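A quick write-up on the structure given underneath.
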Amino acid sequence: MASKPQSDLIVRPALPEDGPVCGEICYRAFSAINAAHNFPCDFPGPEAAIGLLSEMFSSTDFYCVVAESGGRIIGSNVLDQRSIIAGVGPITIDPSVQNLGAGRKLMQAVMDRANQRHAAGMRLVQAAFHNRSLSLYLSLGFDICEPLSCVQGRILDRDVHRDVLGCVVRPAQSADLGACNALSRQVHGFDRGTELAQAVRRSTAVVVERAGGITGYATALAFFDHATAETNLDMQALIASAESFGGPGILVPSRNNALLRWCLANGLRVVQPMTLMSTGLFNQPAGAWLPSVIF
């Protein structure tokens, strides 16, 4: 029998010390839903989820909330505040206490926060096989914007593809930020400069140069990172430059048939289908792009 919404359910700001409990819940929630649909978990173990949420809960870049019922934490949600577009997630509910209404309340809390900050839009990425989350987000006003394919593997003959037709990939530097942010505004209508600057400091960001200018960048080739480029050729060079892809893989827009075919032809495989959803500002990108699992 399904549980009923409870009146003692509250949502409050997350504290740094909530990270371990919420990380455990996050791992169990993703493990349960993915296993039920025969997909691998997005996290290799509870330690990865604990580390991620503990970092987010301790950073002013993120607005984090937890849900409590009966005096115990049963879920959490996160709002990425580093851009004029707010990114939502990960949102997770303890699998043992579904249907209390916690998911909707956690979503409403971060949506209220984004509206208070006058975000130009909100975006999230959901697992395409998760019908309940899709229904929740649609009911809250999110639109389906792009089907995604999570792709993993290793490019065949990386040395052949690394420098494709004049594309040269190198580590990004602080001096590249202006050109990369201008490229993002050209492709998407906004930049993600804070994320990119943080990736440069972490030494994970790369740029691709062609015809004497920067034609693409990636904060990293990984599940929680994004990439933007002028053309598929530039994106192929970025993808081929990676020794491996962090986490479950990179997110390729499925309607970019040419790029997805290139990935498959060069040894990569589709791990799972996902969906990019948005409210507010969404310009059809004018170039090649890989979203992060946040957006």
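Read the figures in this text as sums done on the coordinates, not as results from a lab. Only a predicted model underlies this, so the values are computations on that prediction, with no experimental measurement involved. Note that each Cβ is placed from the backbone with ideal geometry, even for glycine, and that neighbours are counted across all protein chains shown.
Which value results for Rg/Rh of the range 10-119 when Rg is the Cα radius of gyration and Rh the Kirkwood radius based on the inverse mean 1/r? Please list the in-between numbers first.
Details: Rg = 13.4 Å, Rh = 14.0 Å.
A ratio of 0.96.
Among 39-52, 8-21, 86-99, sorting by the average number of other beta carbon atoms lying within 10 angstrom of each residue, highest first, gives 86-99, 39-52, 8-21. With the Kirkwood sum run over all distinct C-alpha pairs, the chain has a hydrodynamic radius of 19.6 Å. For the residues His226, His37, His188, a GNM of the chain with alpha-carbon springs under 10 Å puts the largest fluctuation on His37.
Each residue of the range 28-36 is assigned a 3J(HN,Hα), and the resulting list reads 5, 5, 5, 4, 5, 5, 5, 5, 4 Hz, derived from the Karplus form 6.51 cos²θ - 1.76 cosθ + 1.60 (θ = phi - 60°), x at Gly and Pro. Amide H contacts of Cys145 (H built 1.01 Å from N, in plane; Pro and chain starts excluded): Leu276, Met277, Ser278 sit under 5 Å, all sequence-distant by 5 or more or on other chains. Sparsely packed loop sites in the range 202-275 (the trypsin sites (Lys or Arg not before Pro) outside DSSP H, G, I, E and B with at most 14 other Cβ atoms within 10 Å) comprise Arg255.
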